[in-house]
Amino acid sequence: MAPWWHSAVVYQIYPRSFADSDGDGIGDIPGIVAHLDHLSALGVDVVWLSPVYRSPMDDNGYDISDYSDVDPLFGTLADLDALIAGLHSRGMKLVMDLVVNHTSDEHPWFVESRDTSSPKRDWYLWRAAREGHEPGTPGAAPTNWGSFFSGSGWQFDPATSQYYLHLFSPKQPDLNWENPAVRQAMYQMMRDWVDRGVDGFRMDVINLISKTYPLTDGPVNGPDGLCYDPSLVVEGPRLHEFLQEMNREVGISANDLFSVGEMILVNADQARSHTDAAARELGMVFTFEHMNVDSGPTGLKWDVIPLHLPALKANLAQWQYGLAERGWNSLYFENHDQPRSVSRFGDDGPEFRVASAKTLATTLHLLKGTPYVYQGQELGMTNAGFTDIGQYNDLETLRFYTEALSDGADPAELMAAIAFKSRDNARTPMQWDATPKAGFTTGEPWLRVTPNHDQVNAAAAIADPGSVFHHYRALIDLRHRLEVVRQGRFALLLPDDEHLFCYSRTLGDEVLLVVANWSSAPVPLPASDLPSLDGAQVLLGTHEVTSGDLAAWESRIYKLA
Ligand code: ISL
């Protein structure tokens, strides 16, 4: 029998930006509890909560200093218990974010590990300077690795004349998963959360936990003479072993817990090997491949090129085919690290924002896998529209801006790339209503509220049967009702068409046909290249069906006769 999460739709909450209950301008857990009916109305089954643990908030909680407590900014353990109870009583589950590749540099483990004689020294990746180099001088870092957040991946510690590895910010030192004590500490922590009522985990950059030793230089591809090629650090030789051990020790498969691993650079074959039920590792993984289709030849996210629809279709199809028999897909266009999909892939102008947000949703939600809705995506929320670097908060954005400027980049070009791709696009406050702070806070929001909240907000969307929200509701309902949506075989149609995204889903003699116009102009449906629509019934559409042509950003789900 298929596991329960094959029928589930997940809603991601970025707590800092969801709802503020106490007027400090930062979202919190009581704020979430106050909005659970919004999630029930949408019909989602699972909430993935981005980190709420104690943290210095260098990376908004992805730098954890205490895995067993809630940060006071977000509330208390009692608030979390209330959230778990509130979700469970509405038939929803809670998935916690699990950030175990690194801790905060303020975690007591790391603080202890700064002492060379401490047993915790080996819990992190401390290394001497490159041979023949004076420690702490330029070029003396142990390897030439750049961090995911720009600049060297090594931080020099003058007290011990050694460096520690941080694949993300210097305040996020990487743990040494080779050390069994590290692994056992993590498994214990996970069991404690399960005992508290948590239903599973979203595992941050989990394919970085096993490193390939010895750590060696890679090919230089950064303007600063560093190597930014992640292939050096992903999918290390013990990854399967560690994931199997975690699964066993925490009882993930045994207790039917939800698990999704975020995996940088993972391909469909690797994903299948991790999500095949027989492997007893993970329920599903998050790929980045389809998020890179609008990156240029460097592969870097800031190197933006226009979307070429056939490339996106080919990639999504490759994953649909690759995980058709074994393994399972996660389906997403947005999360807290990605820009808003309606601004990125759709048309966020006044004329087509609603239709394009709906059509992106149709396209994603009829694929096979577990769909994820990121807060505000169900409203068709847009990018932030910031024009000044001072409006940004995200450390990835700010570090990139500083580094790129010092490498001689053109400021105007940088600002354009940042406006399109910065993670802050997803992090502006949730737009609940048309009041000045969008109903997010009574105080000063930590990040500017997007001005279009007077139009784009939950209250307006719920009141309007033609809204993006009600389209999401209908898509989620369709998945819950129809086995063919959950388990049907996928086939891509018209792979080379630059405007149409069409595919079928088949289960027994039941066939669904999805046709979606990903463009801001009408497009005729090429009847001769599609299955016959004679007697077909439209299960859900974005427009009144008037002809065989698709209007700009129109999509339809047909049940074929
Ligand atoms: O944001 C990114 C893509 O633009 C990545 O560089 C991102 O950092 C990477 O996807 C890993 O993300 C996860 O780990 C990071 C954290 O900052 C992200 O928010 C998290 O989703 C470090 O913990």
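The values are calculated or read from the model by the stated rules, or taken from the named source; none is laboratory data. From a predicted model like this one, the values you see are computed outputs, not experimental measurements. With ideal geometry, Cβ positions are generated from the backbone for all residues, glycine too; neighbour counts draw on all protein chains shown. In case anyone asks, the SASA skips ligands and DNA or RNA and just uses the protein heavy atoms, side chains included. Shrake-Rupley method; radii C 1.70, N 1.55, O 1.52, S 1.80 Å.
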Worksheet entry | Angle between the chain longest axis and helix 309-322 axis [Cα atoms, degrees, rounded to 10] | 80 degrees
Worksheet item: What translational D, rounded to a whole number of µm²/s, comes out for region 108-165 from Stokes-Einstein when the hydrodynamic radius is the Kirkwood one over Cα pairs, at 25 °C and 0.890 mPa s?
Response: 208 µm²/s
Item to complete: Could you work out the equivalent-ellipsoid semi-axes for region 482-559, taking the square root of 5 times each eigenvalue of the Cα gyration tensor, largest first, in whole Å?
Response: 20, 14, 11
Fill in: Proximal lysine pairs, the chain, alpha carbons under 29 Å, eight or more residues apart or interchain
24
Fill in: Contour excess over end-to-end distance, with Cα ends at Glu178 and Ser295 and 0.36 nm allotted per residue
38.7 nm
Worksheet item: Once Lys and Arg get +1 and Asp and Glu get -1 on their Cβ, which of Thr397, Gly132, His88 lies farthest toward the positive end of the dipole of the chain?
Response: His88
Practice prompt. Run the accessible area of region 443-545 with a 1.4 Å probe and give the carbon-and-sulfur part as a rounded percent.
Written response: 51 percent
Discussion item. Run lengths n ≥ 4 of DSSP H only: what is the helix-derived mean residue ellipticity at 222 nm for the chain, with -39500 (n - 2.57) per run over all residues, to the nearest 500?
Written reply: -7500 deg cm²/dmol
Worksheet item: Tell me, what are the semi-axes, in whole angstrom and largest first, of the equivalent ellipsoid of region 33-79 as set by the roots of 5 times the Cα gyration tensor eigenvalues?
Response: 25, 12, 9
Practice prompt. Report Rg/Rh for region 252-355, rounded to two decimals, where Rg is the Cα radius of gyration and Rh the Kirkwood radius.
Written response: 1.03
Worksheet item: What's the extension gain from Asp224 to Ala311 if we count 0.36 nm per residue and subtract their Cα-Cα distance?
Response: 28.3 nm
Worksheet item: Across bins of 10 angstrom width beginning at 0, how are the C-alpha pair distances of region 240-307 distributed, in whole percent?
Response: 20, 40, 21, 15, 3
Worksheet, complete the sentence: proj_area_mean for region 152-213 (convex hull on C-alpha atoms), units nm², value 5.7 nm²
Discussion item. With the alpha-carbon atoms as the only input, what is the per residue convex hull volume for region 378-434 in Å³?
Written reply: 82 Å³
Worksheet, complete the sentence: Here the net charge surrounding Phe386, from other residues whose Cβ is less than 13 Å away from its Cβ (Lys, Arg +1; Asp, Glu -1), is +2
Worksheet item: Hey, what angle do you get for helix 395-406 against the long axis of the chain, alpha-carbon based, 0 to 90 degrees rounded to 10?
Response: 70 degrees
Item to complete: Binning at 20 Å from 0, report for the chain what percent of all alpha-carbon pair distances ends up in each bin.
Response: 21, 56, 22, 1
Worksheet item: Hey, if you put +1 on the Cβ of every Lys and Arg and -1 on every Asp and Glu Cβ in the chain, which of Phe148, Ile305, Ala552 ends up farthest toward the positive end of that dipole?
Response: Ala552
Worksheet item: Considering only the chain, what is the antiparallel percent among its DSSP beta bridges, to the nearest 5?
Response: 60 percent
Item to complete: Determine the per residue accessible area of region 482-559 with all protein chains present and a 1.4 angstrom probe, expressed in square angstrom.
Response: 45 Å²
Discussion item. Taking 2.2 N^0.38 Å as the expected size of a compact globular protein, what ratio does the Cα radius of gyration of region 125-255 give against it, to two decimals?
Written reply: 1.20
Worksheet entry | Sum of side-chain charges, Leu507 neighbourhood, beta-carbon under 14 Å (Lys, Arg +1; Asp, Glu -1) | +4
Worksheet item: For Leu507 and Asp69, FRET efficiency with R0 = 51 Å and r from the beta-carbon atoms, rounded to 0.05?
Response: 0.65
Worksheet item: If we count every other residue with Cβ under 15 angstrom of Phe156's Cβ, Lys/Arg +1 and Asp/Glu -1, where does the sum land?
Response: +1
Worksheet item: Taking N as the number of residues in region 345-488, what is its Cα Rg relative to 2.2 N^0.38 Å?
Response: 1.21
